[in-house]
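Here's the structure we're looking at; comments come further down.
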Amino acid sequence: MHTTSAFIILLTVATLVAAFSRRLRIPSTIALVVVGLLLGTFSSLDAPLLDKELLLAIFLPGLIFEQAYHLK
């Protein structure tokens, strides 16, 4: 599976899990961990290869923004 399609599938699954966790009124982090464990157990998706540039360009700005937004 191509890396781009793996990321799209994983982001779609994460979005759906977050939406359903709000309806079920459970914390989204717990729901994401449970679904992640299930996906990892059944190995339905290959883990995408993470490199330094991807982490610094995609994930780090989002994490910094989220923490800065919730900082008092």
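Just so you know, all these numbers are worked out from the coordinates, no wet-lab data involved. All values derive from a computational prediction rather than experimental measurement. Using ideal geometry, Cβ is built from the backbone for each residue, glycine included, and neighbour counts are taken over all protein chains shown.
Which of the residues belonging to the range 1-31 are exposed (fewer than 10 other Cβ atoms within 10 Å of the Cβ), free of Cβ contacts under 8 Å to residues at least 40 places away in the same chain and within 18 Å of L49 (Cβ to Cβ)?
H2, T4
What are the pairs, 6+ residues apart or on separate chains, where a residue within the range 47-72 that is surrounded by 10 or more Cβ atoms within 10 Å (Cβ to Cβ) has its Cβ under 7 Å from a residue that is not acidic (D, E)?
P48/T3; P48/A6; P48/F7
Within the range 47-72, count every residue that is assigned to a loop (DSSP other than H, G, I, E, B) and under 21 Å from G36 (Cβ atoms).
Result for the range 47-72: 5.
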